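Chemist: Input: one structure, supplied below.
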Amino acid sequence: MSTYDLVVIGSGPAGYVCAIRAAQLGMKVAVVEKRATYGGTCLNIGCIPSKALLYASEMFEEAGHGLEKLGVKVGAPKLDLKGMMAHKDATVESNVNGVAFLFKKNKIDGIQGTGRVVSAGKVEVTPEKGDAQVLETKNIVIATGSDSARLPGIEIDEKRVVTSTGALELGKVPGKLLVIGAGVIGLELGSVWARLGAQVTVVEFLDRILPGMDGEVAKQFQRMLKKQGFTFKLGSKVTGVDASGKGALKVSVEPAKGGDAETLEADIVLVAIGRVAYTEGLGLAEAGVKLDERGRVEIDGHYKTNVDGIYAVGDVVKGPMLAHKGEDEGMAVAEIIAGQAGHVNYDAIPGVVYTAPEVASVGKTEEELKDAGIAYNVGKFPFSANGRARAMNRTEGFVKILADKTTDRVLGAHIIGPVAGELIAELTVLIEFGGSSEDLARTCHAHPTLSEAIREAALAVEKRAIHM
Ligand code: FAD
Ligand code: NAI
C-alpha cells in the first residue's frame with residue numbers, strides 16, 4: 001500500500017494545480033485520473049480545444065471578410081476542416097503532455113484509474129485493466145469537475161444531438177445548427193460553426209443572452225451576433241428533438257411561458273444549458289461526505305468537507321465553473337493543508353467569452369450593484385474613439401467601469417471589444433488591490449494601445465475623458 005501526504009482525485013485545472021502547489025510545499029502527492037490524459041475537461045474537451053477552433057475559425061473569417069478592408073487581397077479562402085481539427089488536436093496534445101511533464105518535474109505520482117473515497121485517509125483506484133489498489137493518505141482533495149447538463153427526453157448521441165464535446169469534433173460544417181442555451185458554450189461554439197458557414201439559431205429560455213453578465217453588454221453583444229448571422233429565439237424552450245428520420249432533425253420549440261409550439265429543422269442540435277458537478281462513482285455517500293442541494297460537494301470557507309481530511313475544489317464545488325477559479329482554489333487548498341493561509345478573492349475572478357468581439361468582465365454588474373443598493377458612478381468609453389482600434393479596424397464595443405459613488409473604489413468592469421479577455425487583466429489587478437478609478441485615470445498608458453480605452457473609461461467616471 002502506497003502512503004501519501006495528499007491524494008488528489010481528478011487532474012483538471014483545479015486538481016493538477018493543487019498537486020503541483022502541494023509538491024512545491026514539500027508534500028508527497030499522487031493524482032488519480034480516470035481519463036487517458038491529464039488536464040481534465042479544460043485541456044481535453046473544453047477551454048483549450050474550443051479556443052483552438054475559435055482562433056482558427058476567426059482567421060478563416062478574417063481572410064474571407066476582414067483582410068480586404070485592410071488592402072490585403074487573398075481571394076476566397078478554402079476551408080480545410082480536417083486541417084483545422086488537426087490544429088485543435090495538436091494543441092490539446094501539447095497541453096496535456098505539458099501537465100504530464102510538470103508531474104514528473106514535481107515528483108508527483110500520476111495514477112491512471114477511477115478513484116473512490118473509501119474513507120478519510122483511503123482512496124481506492126480501479127484501473128481500466130488490472131487490479132484495484134488502495135492509496136493511504138493524510139489528505140484527500142476531490143477535484144472531479146463537472147459534466148454537461150442533459151435535457152430530459154432529449155437523447156445525446158454526440159453525432160447529431162451533441163454536447164460541447166461532440167460540437168468540437170463535427171466531421172463537416174452543418175447547414176443548420178440549433179443551439180439550446182445562449183450561455184458561454186452556445187455562443188462560443190455557435191460562433192465557430194457560424195464562421196465556417198452554418199446557419200445558427202439559438203434557443204434560450206430566458207429573455208436575454210449570457211445571464212450573469214452585465215445587461216447592457218449582453219444587449220449590445222446580441223446585436224453584434226445578429227449582424228454576424230445568428231438568429232435568436234429568446235424566452236423559448238425546446239421540448240423535444242425528433243431524430244427518427246434520416247433527414248433533418250425536427251426540433252419542437254415553445255414559448256417559455258407557454259403557447260403555440262413550432263417545429264424547426266436542424267442538422268445538428270447542440271445542448272448547452274449548463275454543467276453539473278460530477279461525483280459519480282466517488283463513493284461519497286458511503287464515506288459520509290455531504291453534497292449540497294445542487295449535488296455539489298459541500299465545503300466550508302477553507303474547502304473542507306464535513307469529513308476531516310477530505311477537501312474539494314473546482315467545478316465540483318459552488319462558484320463559477322471556470323478553469324482559473326479552480327486553479328486558484330487548488331493552490332489555496334494546498335496552502336491550507338500545509339498550514340498556510342491560502343485564500344481566493346471571489347470578487348476578482350474575471351470571466352471571458354472568447355467570441356469576436358470578446359466579452360470580458362470582473363467584479364459586479366450594474367444589476368448586482370442595484371440589487372445590493374450600492375450607489376455607483378459609471379465611466380464608459382467606446383473603441384470607436386480609440387486610435388489603435390481604428391488602425392486595426394476593430395472599433396466595435398466599449399469599456400465600462402463601475403466605481404463606488406462615495407469611495408471611488410472600482411467594483412466592476414466590463415469590456416466588449418478586441419482582445420477584451422487580455423485587457424480585463426489590468427482591471428482585475430486594480431480590483432484585487434482595492435484601487436479607485438482615480439488610480440487608473442492617473443496611470444500612464446502607452447499610445448496607441450487598446451488599453452487607453454480603459455484609462456479613458458476611468459477618466460469618464462469623473463466625466464473627464466479626453467477623446468470623447
Ligand atoms: P475538470 O477539468 O472537469 O477535471 C476533472 C477531472 O476529474 C477529469 O479529468 C475527470 O476525468 C476526472 N475524474 C472525475 N471523476 C474521477 C474519478 N472518480 N476518478 C478519477 N478521475 C476522475 N473555463 C474557462 O475558464 N475558460 C474557458 O475558456 C473555458 N472554456 C470551456 C469550454 C468548454 C467547451 C467547456 C465544456 C468548458 C469550458 N470551461 C472554460 C470550463 C472549464 O473547463 C472548467 O471550469 C474546468 O475544467 C474545471 O476544472 P476542474 O479541475 O474542476 O474539473
Ligand atoms: P451557461 O450556464 O453559461 O449557459 C446556459 C444557458 O442555457 C443559460 O443562458 C440558460 O438560461 C440556458 N438554459 C438553461 N436551460 C435551458 C432550456 N431548457 N432551454 C433553453 N435554454 C436553457 O452554460 P454553458 O454555456 O453550458 O457553459 C457551462 C459552463 O462552462 C459555464 O458555467 C461556463 O462558465 C463554462 N464555460 C466557460 C467558458 C469561458 O470561460 N469562456 C467557455 C465555455 C464554458
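The values are calculated or read from the model by the stated rules, or taken from the named source; none is laboratory data. Source: prediction; values computed, not measured. Backbone-built Cβ (ideal geometry, glycine too); neighbour counts: all protein chains shown. Protein only, heavy atoms only, side chains kept; ligands, DNA and RNA dropped before computing areas. Shrake-Rupley method; radii C 1.70, N 1.55, O 1.52, S 1.80 Å.
Chemist: Restricting to segment 80-100, give me the number of residues that are touching a residue at least 40 places away in the same chain (Cβ under 8 Å) and either among the hydroxyl-bearing types (Ser, Thr, Tyr) or on the phi > 0 side of the Ramachandran plot (or both).
Modeler: The total comes to 1.
Chemist: Quick one: in segment 30-53, which of the residues that are touching a Phe, Trp or Tyr at 6+ places or on another chain (Cβ under 7 Å) and among the hydrophobic types (A, V, I, L, M, F, W, C) is nearest to ligand 2 (Cβ to nearest atom)?
Modeler: If we take residues in segment 30-53 being touching a Phe, Trp or Tyr at 6+ places or on another chain (Cβ under 7 Å) and among the hydrophobic types (A, V, I, L, M, F, W, C), then VAL31 is nearest to ligand 2 (Cβ to nearest atom).
Chemist: Can you find even one residue in segment 5-14 that is β-branched (Val, Ile, Thr), touching a Cys at 6+ places or on another chain (Cβ under 8 Å), at pLDDT 95 or above and not in a loop (DSSP other than H, G, I, E, B)?
Modeler: Yes: segment 5-14 contains one or more residues that are β-branched (Val, Ile, Thr), touching a Cys at 6+ places or on another chain (Cβ under 8 Å), at pLDDT 95 or above and not in a loop (DSSP other than H, G, I, E, B).
Chemist: Which of the following residues is modelled with pLDDT under 95 and within 19 Å of LYS237 (Cα to Cα): GLY181, GLY153, GLY130?
Modeler: GLY153
Chemist: Across segment 351-375, which residue is farthest from ligand 2 (Cβ to nearest atom) among those that are within 13 Å of VAL410 (Cβ to Cβ) and surrounded by fewer than 21 Cβ atoms within 10 Å (Cβ to Cβ)?
Modeler: Top of the filtered list is ILE374.
Chemist: Continuing with the same structure: In segment 221-255, how many are in a helix (DSSP H, G or I), closer than 16 Å to LEU206 by Cα and open to solvent by 60 Å² or more (accessible area, probe 1.4 Å)?
Modeler: 0
Chemist: Out of segment 146-167, which residues are open to solvent by 10 Å² or more (accessible area, probe 1.4 Å), within 16 Å of ligand 2 (Cβ to nearest atom) and assigned to a loop (DSSP other than H, G, I, E, B)?
Modeler: The answer is ALA149, ARG150, LEU151, PRO152, GLY153, ILE154, GLU155, ILE156, GLU158.
Chemist: Do we find that VAL297 is within 13 Å of ligand 2 (Cβ to nearest atom) and open to solvent by less than 40 Å² (accessible area, probe 1.4 Å) in this structure?
Modeler: Numbers: within 13 Å of ligand 2 (Cβ to nearest atom): no; open to solvent by less than 40 Å² (accessible area, probe 1.4 Å): yes.
Spelling it out, it is not the case that VAL297 is within 13 Å of ligand 2 (Cβ to nearest atom) and open to solvent by less than 40 Å² (accessible area, probe 1.4 Å).
Chemist: Let me ask something additional. Looking at segment 256-278, which of its residues are among the β-branched types (Val, Ile, Thr) and open to solvent by 30 Å² or more (accessible area, probe 1.4 Å)? Before you say what the answer is, go through the steps one by one.
Modeler: The first filter runs over segment 256-278 and keeps only residues among the β-branched types (Val, Ile, Thr), leaving 263, 268-269, 271, 273, 276.
Residues satisfying the conditions are THR263, ILE273, VAL276.
Chemist: Still on this structure: Given (1) farther than 23 Å from LEU411 by Cα; (2) in contact with a Phe, Trp or Tyr (Cβ under 7 Å, 6 or more places away or on another chain), identify the lone condition not met by ALA338.
Modeler: Result: ALA338 fails condition (2) only.
Chemist: When you scan segment 42-97, how many residues do you find that are at pLDDT below 95 and touching a His at 6+ places or on another chain (Cβ under 8 Å)?
Modeler: Total meeting the criteria: 0.
Chemist: Here's another thing I want to ask about it. Mind listing whichever residues of segment 210-220 are surrounded by fewer than 22 Cβ atoms within 10 Å (Cβ to Cβ) and of a type outside the set (Gly, Ala, Ser)?
Modeler: Residues satisfying the conditions are PRO211, GLU216, LYS219, GLN220.
Chemist: Related question: In this structure, is VAL378 modelled with pLDDT of 95 or more, open to solvent by less than 10 Å² (accessible area, probe 1.4 Å) and under 30 Å from ALA465 (Cβ atoms)?
Modeler: Working: modelled with pLDDT of 95 or more: yes; open to solvent by less than 10 Å² (accessible area, probe 1.4 Å): no; under 30 Å from ALA465 (Cβ atoms): yes.
Criteria not met by VAL378.
Chemist: Still on this structure: In segment 175-197, what residues are open to solvent by 10 Å² or more (accessible area, probe 1.4 Å), more than 18 Å from the chain's Cα centre (by Cα) and on the phi < 0 side of the Ramachandran plot?
Modeler: Hits for segment 175-197 are GLY175, LYS176, ALA194, ARG195, LEU196.
Chemist: Pull up segment 300-318, narrow it to residues that are in a loop (DSSP other than H, G, I, E, B) and either open to solvent by less than 40 Å² (accessible area, probe 1.4 Å) or among the aromatic types (Phe, Trp, Tyr) (or both), then point me to the one that is farthest from ligand 2 (Cβ to nearest atom).
Modeler: Filtering segment 300-318 for residues in a loop (DSSP other than H, G, I, E, B) gives 300-303, 305-309, 313, 317-318.
Filter once more, so that each one left must be either open to solvent by less than 40 Å² (accessible area, probe 1.4 Å) or among the aromatic types (Phe, Trp, Tyr) (or both): 303, 305, 307, 309, 313, 317.
On the way: TYR303: 19, THR305: 22, VAL307: 27, GLY309: 29, VAL313: 16, VAL317: 13 Å.
Residue satisfying both the conditions and the ranking: GLY309.
Chemist: Let me ask something else. Name the pairs: first residue in segment 419-431 and without any contact (Cβ under 8 Å) to a residue 24 or more places away in the chain, second residue open to solvent by 20 Å² or more (accessible area, probe 1.4 Å) and assigned to a helix (DSSP H, G or I), Cβ to Cβ under 9 Å, at least 6 apart or on different chains?
Modeler: As it stands, the answer is LEU430/ASP439, since those pairs meet every condition given.
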